[in-house]
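I have placed the structure first, in the form of structure tokens, so that the comments after it can refer back to it.
The values are calculated or read from the model by the stated rules, or taken from the named source; none is laboratory data. Just so you know, these numbers come straight off a predicted model, no measurement behind them. Virtual Cβ from ideal backbone geometry, glycine too; neighbours counted across all protein chains shown.
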Amino acid sequence: MIVLPGLLDARREARMGKILLCDDEESLCRSLGRILRSGGHEVVSADGPQGAAHIREDRFDLIITDIRMPGVDGFQIIATARQYAPQTPVIAMSGNAEIPDAVKAMHAGARDFLIKPFDTKALEEAVAAVLRPHDATQEAPNPVDWRDRNAPWLLGADPAMLPVLALLSQVADTRCTVMITGESGTGKELAARSLHAGSARAAKPFVAVNSAAIPQNLVESELFGHARGAFTGATASRLGKFGQADGGTIFLDEIGEMELGVQAKLLRLIQDGELYPVGEETPHKIDVRILAATNRNLEAEVAAGRFRADLFWRLNVIPVEMPSLRERTTDIVRLAEHFLARANERHRRQVSAIDPQTMALMKNYSWPGNIRELENLVERMVIVKGAGVLFPSDLPASIRTPRETPTFGSPIPELPENGADLKTILEAVEEKMIGEALVRTGGNKNRAAELLGLNRTTLVEKLRRRRVAPSQA
């Protein structure tokens, strides 16, 4: 299998260590302690205050701590570790609702984190990744750094982006397949490259493939390679993209464009870990981590018979949805300033700043081309301006014109004397708008979400909770 590593593999790769386990829930400490001890580790369990005391008085190979604890919380445990044991790695634990806290914990110095509830395999793999021995003469792979100037689209602290960064960081150092979705220009390939950079495969090849750009009659040869004489013009054997990525990572962009015949061959490769070049009957063993991306609704493609359901579930082990720029508007300032500095350096310009009014107009724009559009705009303005400050007059007319505020056909009601149930009113308005959007788009959730300015997953969740149907509009 090339999708997920086995538990025995994780144990074999990890060295045994002395682990401090900090959690105020005694039952959880006992169960996690049993799991870790069964893997050969020595475990010391403690609550927050006891854990901080242990760090000051003892030495550990690894610290695992919950974030939310009374008295001394996970952030204080991390701070104590940084002061008294700066070389000791820390893994933080948090619930789903506490993902922003977990991201802050990683910024504070935690090496990894686990989202509760997690299974035995997730714990074993996280511990194995941290305690995995490596040759002291070689540098360990750099951890994922979302601030890397080569991945600027992953910059940001908007609430819409924090869960994405958290999930990318958690799954980077695994072999699991990841399906990255989102609109064009949201940074799907950069997310894939960051996953590769944060994995044990970082020193191995990263091969990106645009499935939509390969002619249909050449897809199998391009992906899987071919033998000499396999078809007219095959004058020499060719390795193919999967062969080039052996030992590393392959990124299949626009996976929804892949025809069914090729999908079947890809499924076989994932299941068996074997590659069959065109014209060869003998398979080649291959070790490749697969990351895929699409801006299509693959569940709808499966329902329509255009995408294999079994392949979809093989690829969709970890789904990651990249938010659109209009969903992370608080990041526009940071991204624009980054692109400004890079454009100055690249084109030898001296544009010093973006005027606040200019930035306000940019934040009010809908950015249909997402971050790619923002980068192109800033670069164009820097080239044309040359030096000085970017003012509103430097913006295109489409951005200088403020976005219209939608009207709903009736004035906003005044608050009655005896008060009103605001929650019920807002829910009714939301339900009506969603119903109208579904009617207007013929039930297409992707287009309805765009009309409403929502992420598709947010719309789907609202539909699930309220069971809104087009007929309700």
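Structure values in brief
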| item | result |
| --- | --- |
| Residue count for the stretch 168-199, restricted to those that are in a loop (DSSP other than H, G, I, E, B), in contact (Cβ under 8 Å) with a residue 60 or more places away in the chain and not charged (D, E, K, R) | 9 |
| Residue under evaluation PRO86, criteria (1) surrounded by fewer than 19 Cβ atoms within 10 Å (Cβ to Cβ); (2) assigned to a helix (DSSP H, G or I), criterion not met | (2) |
| Residue count for the stretch 347-357, restricted to those that are over 12 Å from ARG380 (Cα atoms) and not small (Gly, Ala, Ser) | 6 |
| Restricting the stretch 188-203 to residues that are at pLDDT 90 or above and small (Gly, Ala, Ser), the residue that is nearest to THR329 (Cα to Cα) | ALA191 |
| Scan of the stretch 307-335 for residues that are over 21 Å from the mean Cα position of the chain (by Cα) and either crowded, with 18+ Cβ neighbours inside 10 Å or in a strand (DSSP E or B) (or both), ordered by number | PHE307, ARG308 |
| Count - residues of the stretch 182-198 that are surrounded by fewer than 22 Cβ atoms within 10 Å (Cβ to Cβ) and of a type in the set (S, T, N, Q) | 1 |
| Residue among ALA46, ALA79, ALA92 that is touching a Phe, Trp or Tyr at 6+ places or on another chain (Cβ under 6 Å), of a type outside the set (Lys, Arg) and either at pLDDT 90 or above or on the phi < 0 side of the Ramachandran plot (or both) | ALA92 |
| Qualifying residue in the stretch 417-428 (condition: of a type in the set (S, T, N, Q), at pLDDT 80 or above and out of contact with any Gly (no Cβ under 6 Å at 6 or more places or on another chain)) | no |
| Qualifying residue in the stretch 364-372 (condition: in contact (Cβ under 8 Å) with a residue 60 or more places away in the chain and buried (at least 20 other Cβ atoms within 10 Å of the Cβ)) | yes |
| Considering residues of the stretch 216-233 that are over 13 Å from GLN263 (Cα atoms) and modelled with pLDDT of 80 or more only, the residue surrounded by the most Cβ atoms within 10 Å (Cβ to Cβ) | SER221 |
| Any pair with Cβ under 7 angstrom, 6 or more apart, that starts in the stretch 19-37 at a residue that is over 10 Å from MET93 (Cβ atoms) and without any contact (Cβ under 8 Å) to a residue 24 or more places away in the chain and ends at one that is outside any helix (DSSP H, G or I) and of a type in the set (Ser, Thr, Tyr) | CYS29/SER45; GLY33/SER45 |
| Residue match in the stretch 264-271 (condition: among the polar types (S, T, N, Q), touching a residue at least 24 places away in the same chain (Cβ under 8 Å) and closer than 27 Å to ALA122 by Cβ) | yes |
| Complete set of residues in the stretch 1-23 that are in a loop (DSSP other than H, G, I, E, B) and modelled with pLDDT under 90 | MET1, ILE2, VAL3, LEU4, PRO5, GLY6, ALA14, ARG15, MET16, GLY17 |
| Among (1) of a type outside the set (Ser, Thr, Tyr); (2) modelled with pLDDT of 85 or more; (3) under 30 Å from ILE115 (Cβ atoms); (4) not assigned by TED's automatic domain parsing to the domain that holds LEU167 - the single one LEU315 does not satisfy | (4) |
| Residue match in the stretch 338-357 (condition: at pLDDT below 90 and either of a type outside the set (Lys, Arg) or assigned to a strand (DSSP E or B) (or both)) | yes |
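Let's see how each residue does on (1) basic (Lys, Arg); (2) modelled with pLDDT under 80; (3) at negative phi:
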{"position": "ASN150", "(1), (2), (3)": "no, yes, yes"}
{"position": "GLY156", "(1), (2), (3)": "no, yes, no"}
{"position": "LEU167", "(1), (2), (3)": "no, no, yes"}
{"position": "THR186", "(1), (2), (3)": "no, no, yes"}
